[in-house]
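The values are calculated or read from the model by the stated rules, or taken from the named source; none is laboratory data. This one's a predicted model, so the numbers in the text were calculated from it and none came from an experiment. Positions of Cβ are generated from backbone atoms using ideal geometry, with glycine treated the same way; all protein chains shown enter the neighbour counts.
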Amino acid sequence: MSSQYARHTLNPSLSGCVCIRCTAKLPIGDYFEGCPACLAEGQPSSVVSDFHSLPISVAGSSARGMARYAAWLPYSSWVSLGEGATSCLSFARLAEEVGIERLFIKSEGQNPSGSHKDRVSCLTVTRALDTGATRIVAASSGNGGASLALYAAAAGLACSIVVTPALTPIHHRAITLTGADMIVVEDTMERWALVAKMAQGQDCFPATNYLAPPVGSNHFGVEGLKTVAFELVEDIGPRIDAVLVPTSRGDLVWGLYAGFQQMIAIGSIERMPRLFVVEPFARLSKVLDGAETTESFSGATSLFSIGGSTVTYQAVEAVRRSGGGAVVIDDAAVVRDASRLARHGCYAELSSAATLTGVETLLRQGKIRSDETVALIATSNGYKDMPSGVGLP
Ligand SMILES: [Zn+2]
């Protein structure tokens with residue numbers, strides 16, 4: 001292995017892993033299928049990093065981007081393309097139009113491959129290198145695959161991305177330009193089955209879920225999403241009342257929850273912001289109303305980044321523990337809101353614009369108040385959408 005692709009070292013404070021459902025403590029490992037005990041019960045559940053100790057402040061770090069928070073992450077350094085430090089801006093005129101006192105939009109489309117997934121991919125490929133794997137395999141609806149392919153290329157790893165025919169030509173190009181293999185299968189379930197099979201291959205590292213019902217993505221990678229919470233606290237200040245998150249299987253909403261929890265532990269914020277997942281048809285909403293987490297929920301949407309028929313335990317828990325909720329939005333309203341956002345200076349993917357639709361719905365429902373401080377996570381760049389998208393002007 002050349003020095004360019006040298007392995008990175010684990011954070012010396014990392015003591016092991018812990019299951020977010022049964023709280024079992026486990027040795028450091030990948031747990032591609034989540035906690036073994038919970039899986040045996042038919043309740044797949046993610047594990048997270050467990051640390052001996054964490055720093056007491058972020059003030060001492062002069063590093064930029066995600067590296068500023070290295071002490072909170074499972075690796076002390078990683079294969080970096082400059083991820084993190086995305087803007088978090090107050091859109092005063094939009095806030096007035098919506099009727100919320102303080103409204104912020106965090107533009108994750110500014111990351112190297114154009115989405116928040118880069119905060120996951122940098123750590124995932126680093127972990128893959130550290131285990132001696134030579135190939136990343138992953139299922140993707142677009143943004144995750146584009147991000148992993150880019151980071152795998154930077155890491156000198158081969159990469160196979162399994163997609164469905166719904167993949168846009170924009171993502172097709174972004175993935176194949178890196179030299180990654182692309183495999184097209186009929187639907188999401190077939191996608192997972194193929195990744196499961198490929199994951200058995202020698203030196204292959206599965207970066208995403210392949211179980212049905214699913215767990216979150218590789219947990220070393222998901223830890224990177226805590227940095228979205230850290231940046232929100234540093235940019236907005238200690239008072240954040242609610243955060244809206246476009247959600248499919250909930251890596252980001254869990255990462256936000258875990259990040260805010262660590263900010264509470266060091267006294268940077270006093271209380272957990274309410275986390276609201278934005279979904280194109282009722283999935284997590286049904287679970288909050290009593291459906292089983294492991295059920296399959298049918299529905300159609302043109303918002304490719306937040307499609308899919310499943311939820312994960314981590315998403316449900318992040319919402320429940322934060323006192324947040326779920327909001328279902330309508331595709332046609334989201335198309336209008338993507339245009340509204342752009343007219344205020346924010347060019348975001350449709351699934352990101354769904355947070356604007358969501359916040360107005362939550363206001364009407366009385367679940368968010370007009371005197372609160374609210375952050376919308378625009379997960380991906382507007383250039384990711386096809387101009388021929390449903391109803392686009
Ligand atoms: Zn467990």
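Mind listing whichever residues of segment 239-274 are part of a strand (DSSP E or B) and either in contact with a Phe, Trp or Tyr (Cβ under 6 Å, 6 or more places away or on another chain) or surrounded by fewer than 24 Cβ atoms within 10 Å (Cβ to Cβ) (or both)?
242, 244, 274
For residue 73, indicate whether it is more than 16 Å from the ligand (Cβ to nearest atom) and closer than 16 Å to residue 218 by Cβ.
It is true that residue 73 is more than 16 Å from the ligand (Cβ to nearest atom) and closer than 16 Å to residue 218 by Cβ.
Could you list, in sequence order, all residues of segment 219-246 that are under 12 Å from the mean Cα position of the chain (by Cα) and more than 22 Å from residue 369 (Cα to Cα)?
Of everything in segment 219-246, those that are under 12 Å from the mean Cα position of the chain (by Cα) and more than 22 Å from residue 369 (Cα to Cα) turn out to be 219, 221, 222, 223, 224, 225, 226, 227, 228.
Quickly run through segment 92-150 and pick out the residues that are of a type in the set (A, V, I, L, M), within 30 Å of residue 374 (Cβ to Cβ) and at pLDDT below 95. Spell out the reasoning first.
Filtering segment 92-150 down to residues of a type in the set (A, V, I, L, M) leaves 92, 94-95, 98, 100, 103, 105, 120, 123, 125, 128-129, 133, 136-139, 146, 148-150.
Imposing the further condition that a residue be within 30 Å of residue 374 (Cβ to Cβ) reduces the set to 92, 94-95, 98, 100, 103, 105, 120, 123, 146.
Within segment 92-150, just 92 meets the criteria.
Sort out which residues of segment 188-223 are part of a helix (DSSP H, G or I), in contact with a Gly (Cβ under 7 Å, 6 or more places away or on another chain) and not hydroxyl-bearing (Ser, Thr, Tyr), and write them in order of number. Break it down stepwise before answering.
At the first step, the residues of segment 188-223 found to be part of a helix (DSSP H, G or I) are 188-199, 219-223.
Retained after the next criterion (residues that are in contact with a Gly (Cβ under 7 Å, 6 or more places away or on another chain)): 188, 222.
Hit for segment 188-223 is 222, nothing else.
Please specify each residue of segment 131-147 satisfying the condition of being under 15 Å from residue 251 (Cα atoms) and in contact (Cβ under 8 Å) with a residue 60 or more places away in the chain.
Within segment 131-147, 138, 139, 140, 141, 143, 144 meet the criteria.
Filter segment 34-50 for residues that are within 26 Å of residue 77 (Cα to Cα), more than 8 Å from the ligand (Cβ to nearest atom) and in contact with a Phe, Trp or Tyr (Cβ under 9 Å, 6 or more places away or on another chain) and give the result.
Correct list: 46, 48, 49.
Out of 305, 285, 298, I need the residue that is within 13 Å of residue 246 (Cα to Cα), polar (S, T, N, Q) and assigned by TED's automatic domain parsing to the domain that holds residue 227. Which one?
When all the criteria are applied, what remains is 305.
Quick one: is residue 53 surrounded by fewer than 16 Cβ atoms within 10 Å (Cβ to Cβ), more than 16 Å from the ligand (Cβ to nearest atom) and in contact (Cβ under 8 Å) with a residue 60 or more places away in the chain?
no
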